[in-house]
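The values are calculated or read from the model by the stated rules, or taken from the named source; none is laboratory data. Just so you know, these numbers come straight off a predicted model, no measurement behind them. FYI the Cβ positions are ideal-geometry reconstructions off the backbone, even for glycines, and counts take in every protein chain you see. Accessible surface areas use protein heavy atoms only, side chains included; no ligands, DNA or RNA. Shrake-Rupley method; radii C 1.70, N 1.55, O 1.52, S 1.80 Å.
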Amino acid sequence: MEKGRSIFLDVFRRADKNDDGALSLKEFKSFFDDGVMTGREIEDLFHQVDTHNTSNIDTDELCTYFSQKLGAFGEIFEAIEDMTTSVTKSLSETAKNYSKASMMDQFVTRFLMREIINQLSALQRPLEAASDQVDEEALSSRGKVSSVEISESKEMSTKDGQILPGRFGRRIRKQMSMPVGDFTHGPQSVTVTSPQFNSQLQRLQNLVDRLENRINFDGITEEQVNISEDKCNLMVHRTLTVEEDEVDNFRQSLRHYIEATNEDEYCLHLSIRTYRNSSVFVLYEIWDSETVWRKHVKSSISKTFQHANVDTLSGPEQSNTMPIPVCV
């Protein structure tokens, strides 16, 4: 495959909400609506991409269309593809060697990962500013966006669970993710936020920081601690069986739950396991303590997810918890 094209495979996967290997017009509009182009214009674009004239877009059509339009961005997409490979390789090597490394080498590993995050954040800011600027210019040149178009976007956002697109969506996401206070700019100091672009990398780096004093997987050990100082993380195992015709709706509510829970600093890990030819979803959550997990269960994030599950699950959720001693 031509270098840089693989990124559009990921774009296709995210746009293909029902995972049938083809983008319908509805899925295309839902994903590519940017708040500037009208519905008719997006539909015209759909037919341009659909060179096979099947009223569906496959991966080859999507990759071919956008790879031919990359222009000056071609080198950036190639670099992103190389970086993805490098990051995966580096994190894999870190996972294998970190616990065996000396204290100094572990420090260097943590420093390098933080610096990668700093550099990615520094690259993201001018890109966001430029993207906002071209959105502003596009809206200005098109004139005032009609209230009908805006209401349609909001309706689609509610119905299909999509994040509001384009400039409006970025503004909302930025406000939600920005911490209180100002950024510190300059060569000597950079205050790192948690932008969506590198949030997963940030979480991995945080987990590496905890390796020295967190869960012990090295074998059976006997530890003596004062009972008042005993510290345990909590693993939560959740099994959810979904009605077969409600899987798409469940995936939407699950996506919102994961995105919100990942922002909780006390959620140390969250993963999902699914099974082929099955509508069973298994969630694994590791929390800093039972106290913070119980607080999470009472939060609006958890209650919203539970309320959505009333209409999508075929039976009650099954859950178990297990305390995991923290190494002293």
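Structure notes:
- Translational diffusion coefficient (Stokes-Einstein; Kirkwood radius from C-alpha pairs) of the range 5-69 at 20 °C, 1.002 mPa s, in µm²/s: 182 µm²/s
- Taking every protein chain into account, the 1.4 Å probe leaves residue 269 with about 80 Å² of accessible area, to the nearest ten.
- Cα→Cβ-extended label distance, 7 Å offset, between residue 317 and residue 264, nm: 1.0 nm
- Over 31 Å (Cα to Cα) - which of 26/69; 26/295; 100/295; 96/231 fall in this group: 26/295; 100/295
- Modelled this way, with points 7 Å down the Cα-to-C-beta line, the labels at residue 51 and residue 85 are 2.5 nm from one another.
- Accessible carbon and sulfur surface of the range 1-131 relative to its total accessible area, %, 1.4 Å: 58 percent
- Sparsely packed trypsin sites (Lys or Arg not before Pro) within the range 230-328, loop by DSSP, other Cβ within 10 Å at most 10: 276, 298
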